Amino acid sequence: MTPKIMGVVNVTPDSFSDGGLFLEPEAAIAHGEQLVRDGAEILDVGGESTRPGAEPVSEAEELVRTQPVVADLEGLGYAVSIDTSKAAVAEAALAAGAEIVNDVTALRGDAEMAALCAERGATVVLMHMVGDPLTMQDDPRYDDVVEDVKAFLAERIEAAVAAGIDEGKVWVDPGVGFGKTLEHNLELLARLDELVELGRPLVIGTSRKSFIGRLTGRDVTGRVHGTTATCVIALERGARVFRVHDVAAVSDALKVAAATFARWPTSPRTTRTTT
Ligand code: HH2
């Protein structure tokens, strides 16, 4: 798969970096259009924050937030992904023309979700998360974070296929920041190539996340450069879908990086210098 940018359209009052900016449908739709002009090939519409400590949102509220935005963006001809773990929200979005269900619970959050995605032939993003957003950052531990995430994703791929989802329509995501410390996130980023061995397109969502703030000392408004660095690294390690807020910056960086990596004789990590 050629690298693709999934632009984030958060129709929420409380998302960690852009909560409240695009709560009105008109604002969210205009933002989505701008992200496409900036280089996004997929628009990921979400109506519930999953930031650490976030309170769950009712199904009715999530539908009200996402439905008009999905319908309008799809009507404009864009590829839309619905960021939800609720089958009713996914169902409405798929009926309105969304093609992708981005489920941070990897089909564990709603018993109806897997069958729905199978029946509708949706592409599904399966993401790794420990616990739920309310508790996930309470002292997360792993034997080996990459091995553990890989085993989890392998099991979720099997579950998706067992539910009737075409394996060719499954994408996987290590869930950066979902039950992970700074060290866990860096280890995952550095060893993403091990997750490519799962044989499915790898989605990565580092955008503006707090581990970038920890490394740079910057708040959410100043994390675009750090985010861009993580995307370039992830591209080199094999990621193919980049879920980001700052589409223009990441799009330019990935174009330059992809053109260069095409000529790179070996991985930068293993290249030896003689000086
Ligand atoms: N991260 C967030 C939300 N959805 N989906 C996938 N597949 N991967 C991610 O890393 C991911 C995701 C969190 O970011 P954001 O949507 O900006 O914030 P919030 O959850 O506060 O709305």
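The values are calculated or read from the model by the stated rules, or taken from the named source; none is laboratory data. These numbers were taken from a predicted model, which means no experiment stands behind them. For neighbour counting, all protein chains shown are included, and Cβ atoms are generated from backbone atoms with ideal geometry for every residue, glycine included. Only protein heavy atoms, including side chains, enter the accessible area calculation; ligands, DNA and RNA are left aside. Shrake-Rupley method; radii C 1.70, N 1.55, O 1.52, S 1.80 Å.
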Provide a single number: the residues in region 191-200 that are open to solvent by 30 Å² or more (accessible area, probe 1.4 Å) and not in a loop (DSSP other than H, G, I, E, B).
3
Total residues in region 1-33, condition under 11 Å from Arg65 (Cβ atoms) and among the β-branched types (Val, Ile, Thr):
3
Being modelled with pLDDT of 95 or more, of a type outside the set (D, E, K, R) and in a strand (DSSP E or B): is that true of Phe211 here?
no
Hits in region 29-51 (condition: closer than 21 Å to Val203 by Cβ and touching a helix residue (DSSP H, G or I) at 6+ places or on another chain (Cβ under 8 Å))
Gly32, Leu35, Asp38, Gly39, Ala40, Leu43, Val45, Gly46, Gly47, Glu48
Positions within region 24-60 being in a helix (DSSP H, G or I) and either within 16 Å of the ligand (Cβ to nearest atom) or over 23 Å from Lys86 (Cβ atoms) (or both), in sequence order
Glu26, Ala27, Ala28, Ala30, His31, Gly32, Glu33, Gln34, Leu35, Val36, Arg37, Asp38
How many of the residues in region 71-82 are within 25 Å of Pro174 (Cα to Cα) and open to solvent by less than 20 Å² (accessible area, probe 1.4 Å)?
3
So, in region 224-250, exactly how many residues are within 12 Å of the ligand (Cβ to nearest atom), of a type outside the set (A, V, I, L, M, F, W, C) and either part of a helix (DSSP H, G or I) or without any contact (Cβ under 8 Å) to a residue 60 or more places away in the chain (or both)?
3
Enumeration of residues in region 39-75 that are touching an Asp or Glu at 6+ places or on another chain (Cβ under 7 Å), aliphatic (A, V, I, L, M) and farther than 21 Å from Ser251 by Cα
Ala54, Val57
State which residue is farthest from Ser17 (Cα to Cα) when the search covers only region 201-214 and only residues that are open to solvent by 10 Å² or more (accessible area, probe 1.4 Å) and within 11 Å of the ligand (Cβ to nearest atom).
Ser210
Among the residues of region 78-116, write down those that are closer than 17 Å to Gly46 by Cβ, of a type in the set (A, V, I, L, M, F, W, C), more than 13 Å from the ligand (Cβ to nearest atom) and out of contact with any Gly (no Cβ under 8 Å at 6 or more places or on another chain).
Ala79, Ala87, Ala88, Ala90, Ala92, Ala93, Leu94, Ala96, Ala98, Met113
Would you be able to say whether some residue in region 4-25 is within 21 Å of Trp171 (Cα to Cα), within 19 Å of the chain's Cα centre (by Cα), open to solvent by 30 Å² or more (accessible area, probe 1.4 Å) and not aliphatic (A, V, I, L, M)?
yes
Quick one: which residue in Gly131, Gly109, Gly179 is under 16 Å from the mean Cα position of the chain (by Cα) and more than 30 Å from Arg37 (Cα to Cα)?
Gly179
What number of residues within region 166-200 are within 12 Å of the ligand (Cβ to nearest atom) and closer than 19 Å to Met1 by Cα?
4
Since Arg65 meets every condition but one in (1) among the basic types (Lys, Arg); (2) assigned to a loop (DSSP other than H, G, I, E, B); (3) surrounded by 20 or more Cβ atoms within 10 Å (Cβ to Cβ), which condition does it not meet?
(2)
Regarding region 228-239, can at least one residue be identified that is farther than 25 Å from Val80 by Cα and open to solvent by less than 10 Å² (accessible area, probe 1.4 Å)?
no
